[in-house]
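Structure first, commentary second.
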Amino acid sequence: MNYLQAFITGGILCAIGQFLIDKTKLTPARILVTYVVAGVFLHLFGIYQPIVDWGGAGATVPLTGFGYSLAKGVEKAVAEQGFIGIFTGGLTATAGGIAAVILFAVVASILTKPKEK
Amino acid sequence: MRMNPADYKAYADSFSPPSKLWRNMLFAFVIGGGICVLGELLLTLFSTLGFEKDECATLNCISLIFLSALLTAFHLYDNIAKHAGAGTLVPITGFANAVVAPAIEFRPEGMVLGVGAKIFSIAGPVITYGIIASILAGLCYYLGGLL
Amino acid sequence: MKTLSFDGQRPCILQTASSVGKKEGEGNLTPFYDNIFQDAYLGEKSWEKAESKLLKTNLKTLLEKANESPENIDIVFGGDLLNQCISSNYGLLDFHIPFLGLYGACSTFVEGMILAAMAVHGNYAQKAIALTSSHFCSSERQFRFPLEYGGQRTPTSQWTVTGSGAALIAKGGEIEITHATIGRIIDYGISDINNMGAAMAPAAIETIRRHFQDRNLPNDYFDLVVTGDLGSVGKQITQQQLKNYGLDLEDRYIDCGDKIFDKEKQDAHAGGSGCGCCASVFSGWLYYLLRTGKCRRILLTATGALMSPTSSFQGESIPGIAHCISIERKTDNQ
C-alpha cells in the first residue's frame, strides 16, 4: 500500500510539472525553482507534512520534498539554536544530498565525456 | 507582412504542432511515480538495515542522486527524459542530472573554470532560492517562537 | 538597395563540396554528400575542434574535386555559429588563404556566396570560396543545454545540422549566379528560441517578394524556390504568406531544414537548422540537380536567426534576416 501511495503522490507532482511545461512555457529551471520554494512554504503553512505522511517517498523525492527538507531543517534548528538556526538549518538538513551531487558530478566529469544524441 | 507582433505570434502558433499534453502527462506520471516507488523501496531497505528515520531519508536521497549520476554518465538519462519530461525533471534525480550534465559537458574548459564553475549553471537557482526561502521560513519560525 | 544583377560575364559556381554527420547521413539526402562522418567528434577532443575539422575536411574535399591548390584561391568568405567564428578561424588556419569571416547566423552561406560573387564579378578575385559549418553538439552547448541534460524538446524546436558546405565561385562555368537580394533585419517579436522558424519566416517572405518584384518575374520562373532552415513551421508560414501576396509557389517551394531529415524516422521535430543546413543541402543535392540539368533555375534563400544567448536570456525577441541568390544554368537564360 505504501508503494501505491508513493506512486500516486509522486506521479501527481510530476504530472503537474508536465502540465506547467506544456501549457505555461515556463522553462524547466523555473519549474524546479517554483517546486523548491513551494515545498518550503507548504511546510511552513503545515500543508506538506500530511502529504509526506501519506505519500512517503512520493512526497520527499520530488523537488517539493527538497524544499520540505530545507524548511523542516530550519524549523528544527531555530527550535534548538534560536536565531542562528535561521541561517544554518536549511543547508544542514540538505547537506547530504548537495555533497553527494557535487562529488558524483566531479567524478563523472573525469570519467566520461559527452556523447552526441 | 501587414501584421503586428501580437497577431503574428498567434498566427505562427496556429502552424505549431500541438504538444501531446495528455500523453506527456501520463508519461510524467508513470515514470515520476516509478522513481518515487524506487525511493520508497530504498527507504524500506535502509530501515530494515537498522538506520534511523532521518538517516534513511538522507541515504535515500544520496542513492537516487548516485543512480541519476550513473545514468547521466552513461548517456542514458537524457534518452529517458526525452519521453518522461517532468517525470525525470521533478524528482531529485532531475536535480542531480542538471548538476552532472554541465560538469561532464564543460570538462574541456578545465577542472576549475569548466567543471567547477559551470557545475551549478542549471541547478544553481534551485539552491539559491531554496536557501532564500528557507531563511524566510526560519525567520517566521523564529518570530513565531518569540510571540 | 535593389536586387543586384551580375551582368556581363557572370560569376559561376564551378564546384561544391558537402560533408555531414551521421544523423544527416541517415536522412533524406544520403547519396549527395561527399563525406559522412560516423564519429561526431571526428577523432578530436572537443566539439569545437570537431566542427573545425569538419569545415577543414570539407574545404579540402572541395579543392580536391576542383583540382585546385590553396595558393590559387584568392579569398574565402566564411563563418559559423560559434562565438567569434572559431570553427572557421581554426579550420582555415592551415590553408593560408586570405579570409573574411562572416556572421549571419544560418544565413551565412548565401551571404558568403553573394560576397564571393561580387568579388569575382568586380574582378577583385579570380576564384573565391563560400564556406560555412555548424555542429549539433557545439551549438547545443553554446545556445541551449549540455548534451546529457534531460530536457524535453518542444514540437517547434529545430535540430542543428552537423554539416559543412563549400562552393567555389569564378567566371566561366555552366552554373551562373545571376542576381542576389541582400536581406534586411526583420523582427516580428518572436522570442522563443525553440521556434526560430517562425522568427525567421517574415525575413524570408520579404526577401523573396523583393526578389520577384525587383526582377518582375512570373511566379513559375524558378524550378525551385528554396529557403535555408525555416523548418516545417516557418515553411508553412512562408508558403501561405507569399500566396497571400499573389506569389503562389505551389510545390516549387522547399525548405532545406524540412528536407534534410526523415521526419517519420528521425527525431528532429520541426526540422534542421544551422549554417551547415542550407550549405550542405545546396552543396550536395541542389547543386547536383543544377549540374545534371534536373533543375534549370533555383532561388536559394538562406535565413538567419540573429539572437545570442545573452539577448535570449534578457528576453529580447529574435531578429531574422534572409539573403537570396538566383542560380541558373547558362544555356537557358539568354
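Return yes when A:GLY97 is facing chain B (nearest Cβ under 7 Å), in a helix (DSSP H, G or I), surrounded by fewer than 24 Cβ atoms within 10 Å (Cβ to Cβ) and under 13 Å from the mean Cα position of the chain (by Cα) and no when it is not. Talk me through it step by step, then tell me what you get.
Details: facing chain B (nearest Cβ under 7 Å): yes; in a helix (DSSP H, G or I): yes; surrounded by fewer than 24 Cβ atoms within 10 Å (Cβ to Cβ): yes; under 13 Å from the mean Cα position of the chain (by Cα): yes.
The answer is yes for A:GLY97.
Test C:GLY172 against the criterion of being on the phi > 0 side of the Ramachandran plot and small (Gly, Ala, Ser), and give yes or no.
Answer is yes for this residue.
Which residue out of C:SER46, C:SER18, C:SER52, C:SER88 is under 26 Å from C:ALA305 (Cβ atoms), touching a Pro at 6+ places or on another chain (Cβ under 6 Å) and either of a type in the set (D, E, K, R) or surrounded by 15 or more Cβ atoms within 10 Å (Cβ to Cβ) (or both)?
Of C:SER46, C:SER18, C:SER52, C:SER88, the one residue that is under 26 Å from C:ALA305 (Cβ atoms), touching a Pro at 6+ places or on another chain (Cβ under 6 Å) and either of a type in the set (D, E, K, R) or surrounded by 15 or more Cβ atoms within 10 Å (Cβ to Cβ) (or both) is C:SER46.
In segment A:58-94, which residues are within 7 Å of chain B (Cβ to nearest Cβ) and in contact (Cβ under 8 Å) with a residue 40 or more places away in the chain?
A:GLY58, A:VAL61, A:PRO62
Could you grab me the full set of residues in segment A:25-40 that are surrounded by fewer than 20 Cβ atoms within 10 Å (Cβ to Cβ) and touching a helix residue (DSSP H, G or I) at 6+ places or on another chain (Cβ under 9 Å)? Break it down stepwise before answering.
Kept after step one, since they are surrounded by fewer than 20 Cβ atoms within 10 Å (Cβ to Cβ), are these residues of segment A:25-40: A:25-27, A:29-30, A:34, A:38.
A:LEU26, A:THR27, A:ALA29, A:ARG30, A:THR34, A:ALA38 - these are the residues of segment A:25-40 that are surrounded by fewer than 20 Cβ atoms within 10 Å (Cβ to Cβ) and touching a helix residue (DSSP H, G or I) at 6+ places or on another chain (Cβ under 9 Å).
With the condition being surrounded by 24 or more Cβ atoms within 10 Å (Cβ to Cβ), I'd like the strands (runs of 3 or more DSSP E) fully within segment C:245-334 carrying at least 2 qualifying residues.
C:297-305, C:320-329
Just to be sure before I move on: is C:ASP258 in contact (Cβ under 8 Å) with a residue 24 or more places away in the chain, in contact with a helix residue (DSSP H, G or I) (Cβ under 9 Å, 6 or more places away or on another chain), closer than 24 Å to C:HIS179 by Cα and of a type in the set (Asp, Glu) in the structure I sent?
Taking the combined requirement at face value, the residue does not satisfy it.
Residues to consider are C:ALA270, C:ALA279; find the one that is in contact with a helix residue (DSSP H, G or I) (Cβ under 9 Å, 6 or more places away or on another chain), assigned by TED's automatic domain parsing to the domain that holds C:LEU230 and more than 24 Å from C:LYS65 (Cβ to Cβ).
Working: C:ALA279 fails: more than 24 Å from C:LYS65 (Cβ to Cβ).
The unique qualifying residue is C:ALA270.
Say whether the condition of being within 7 Å of chain A (Cβ to nearest Cβ), under 27 Å from the mean Cα position of the chain (by Cα) and closer than 26 Å to C:MET200 by Cβ is met by at least one residue in segment B:11-27.
Checking segment B:11-27: at least one residue is within 7 Å of chain A (Cβ to nearest Cβ), under 27 Å from the mean Cα position of the chain (by Cα) and closer than 26 Å to C:MET200 by Cβ.
Which condition does B:ASN79 not pass, out of (1) surrounded by fewer than 22 Cβ atoms within 10 Å (Cβ to Cβ); (2) under 28 Å from A:PRO114 (Cα atoms); (3) more than 9 Å from chain A (Cβ to nearest Cβ), if it passes all the others?
The one condition B:ASN79 does not meet is (3).
Here's the yes/no breakdown for (1) under 22 Å from the mean Cα position of the chain (by Cα); (2) within 14 Å of chain A (Cβ to nearest Cβ); (3) under 19 Å from C:HIS135 (Cα atoms); (4) not β-branched (Val, Ile, Thr):
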{"residue": "C:ALA40", "(1), (2), (3), (4)": "yes, yes, yes, yes"}
{"residue": "C:GLY43", "(1), (2), (3), (4)": "no, yes, yes, yes"}
{"residue": "C:ALA50", "(1), (2), (3), (4)": "yes, yes, yes, yes"}
{"residue": "C:LEU55", "(1), (2), (3), (4)": "yes, no, yes, yes"}
{"residue": "C:THR61", "(1), (2), (3), (4)": "yes, no, yes, no"}
{"residue": "C:LYS65", "(1), (2), (3), (4)": "yes, no, no, yes"}
{"residue": "C:SER69", "(1), (2), (3), (4)": "no, no, no, yes"}
{"residue": "C:GLY79", "(1), (2), (3), (4)": "yes, no, yes, yes"}
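Output the residue which, of all residues in segment C:307-320 that are hydrophobic (A, V, I, L, M, F, W, C) and either under 22 Å from C:PHE6 (Cα atoms) or modelled with pLDDT under 95 (or both), is nearest to the chain's Cα centre (by Cα).
Among residues in segment C:307-320 that are hydrophobic (A, V, I, L, M, F, W, C) and either under 22 Å from C:PHE6 (Cα atoms) or modelled with pLDDT under 95 (or both), the one nearest to the chain's Cα centre (by Cα) is C:MET307.
The values are calculated or read from the model by the stated rules, or taken from the named source; none is laboratory data. As the structure is a prediction and not an experimental result, all values here were calculated from the model. We place every Cβ from the backbone using ideal geometry, glycine too, and count neighbours over all the protein chains shown.
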